[in-house]
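Asker: One structure follows; several queries about it will come next.
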Amino acid sequence: MTTAVKPASLTLRFLAMLGGTLVGLLLICPPDVSAETGPMILSLGDDSYITWSGVESRTGAGVKRELGESPLTDFSVLVLSNISYASLPEAVRDGFQDYLSHGGSVLITGGQGSYGSGGYAGTELADLLPLRPSRDDFGYHPYGPTLLLQLGHPILKGVEIPTMGFFNELELNGGAVEIAQYRKAFARTVIVDPRNPNSKVIEGGGARLPMPLIAERSVGPGTILAIAIDMGNPLDKGIWKDRDRFSQNCVEYLLGRSRIEPPKKRSDPSE
């Protein structure tokens, strides 16, 4: 006597087969494989000012925070966030110029551990940066307005940059394009001789000390975007509501500029 198979049993068997198939596919193609086919970003230092999930969702890029055994040329973008020269991996220090010659993109930001204050002054790497350090250069400046010199630049899209006070005082390197500048006008002083109310008034000051805050430089096919501002400083965080958007703009702009293809894509003979 033949026993009829109940519909519920067929459903359970089908689900079991489907589950087994999905497990097999996951074993063959792990979830992170697709991410590795996109561009890779190496981020070193304090990058807490960037919401990486936003960058990843819009660009398909993956982010790593250690170089490990990977060659530097596996990464389309290199981010150096307030990290000292001595803390850089040797492959980054020694391979920086070669990385640019392959078309890599670099973002470097300011702080106590960056530029001159981070030991970059006098190094070969410093000579390549758009903003060149020459001494211990990080400090507080009287809050002053930020003058935007390249209003149509993609990194400034949808962004307002407020007055700035914490940044590295740097020199604009030859061949660099200045994007934003600190402009602080000192108050004019009026001096009167109290012993003589009719004495001549002497006015002084009014001097301006322009200092570059953001600059870009092309080195061969490579691109370096340098920001003198301490992006992670909590004293500036509360007054810069567009900081996260600005940071993501910078990374996405550099991804677009980079000529380095993801390793998976380079090794795919079908490409």
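The values are calculated or read from the model by the stated rules, or taken from the named source; none is laboratory data. Being a predicted model, the structure only gives us computed values, none of them experimental. Positions of Cβ are generated from backbone atoms using ideal geometry, with glycine treated the same way; all protein chains shown enter the neighbour counts.
Asker: Could you check, for segment 187-205, whether at least one of its residues is surrounded by 10 or more Cβ atoms within 10 Å (Cβ to Cβ), modelled with pLDDT of 55 or more, more than 19 Å from Val79 (Cβ to Cβ) and among the hydrophobic types (A, V, I, L, M, F, W, C)?
Answerer: The answer is no; no qualifying residue exists.
Asker: So which residues in segment 57-82 are assigned to a strand (DSSP E or B), without any contact (Cβ under 8 Å) to a residue 60 or more places away in the chain and touching a Ser or Thr at 6+ places or on another chain (Cβ under 8 Å)?
Answerer: Val63, Lys64, Leu78, Leu80
Asker: Just the residues that are buried (at least 19 other Cβ atoms within 10 Å of the Cβ) and outside any strand (DSSP E or B), please, taken from segment 129-152.
Answerer: Leu129, Pro130, Pro133, Asp137
Asker: Looking at segment 111-128, which of the residues that are crowded, with 20+ Cβ neighbours inside 10 Å and without any contact (Cβ under 8 Å) to a residue 40 or more places away in the chain is farthest from Asp244 (Cα to Cα)?
Answerer: The qualifying residue farthest from Asp244 (Cα to Cα) is Tyr120.
Asker: Here's another thing I want to ask about it. Look at Gly104 and say whether it is under 16 Å from the mean Cα position of the chain (by Cα), over 15 Å from Met40 (Cβ atoms) and among the small types (Gly, Ala, Ser).
Answerer: Answer is no for this residue.
Asker: Is one or more of the residues making up segment 160-170 of a type in the set (Phe, Trp, Tyr) and closer than 19 Å to Ser87 by Cβ?
Answerer: No; the residues of segment 160-170 include none that is of a type in the set (Phe, Trp, Tyr) and closer than 19 Å to Ser87 by Cβ.
Asker: Among (1) assigned to a helix (DSSP H, G or I); (2) in contact (Cβ under 8 Å) with a residue 24 or more places away in the chain; (3) among the small types (Gly, Ala, Ser), there is one condition Ser53 misses while meeting the rest; what is its number?
Answerer: That leaves (2) as the condition not met.
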